[in-house]
Amino acid sequence: MNGSYHLRYTPPTCTLEVIAKQSPLSRWTNRPVLKKLQFELSLDDPRVPEEKQMVIRGDRSQLDILYYAVSSYVQNLLQQSPAQLNTALESTLAGTLPG
């Protein structure tokens, strides 16, 4: 069976859309093998003005790079002390609140 996959994930501040085609190799692996994977990540936080919102598009290798960048960022964030984390969160919130 050769089909297409279209996955859309929409949390409150962004939308990740992944589109791919199933490879004929899927028959022998007992799991989907995807080819021609494309993604679009829309950073569409409603609290941010529309002109500052952005869209990132790419292929499988660029999605892998994005995954590792986000994973590293989250790991570094989680390794901070509670005081460092609180300071980082306060400065982030101060940058997003109107005023």
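Rule-based calculations on the coordinates, nothing more; no lab input. What you see is a predicted model, and the numbers here were worked out from it, not measured in a lab.
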Table column - 3J(HN,Hα) (Hz), segment 3-16, Karplus curve with 6.51, -1.76, 1.60, x for Gly and Pro: x, 10, 10, 9, 10, 10, 10, 10, x, x, 10, 7, 9, 10
Amide H contacts of SER23 (H built 1.01 Å from N, under 5 Å, at least 5 apart or other chain): VAL33, LEU34, LYS35
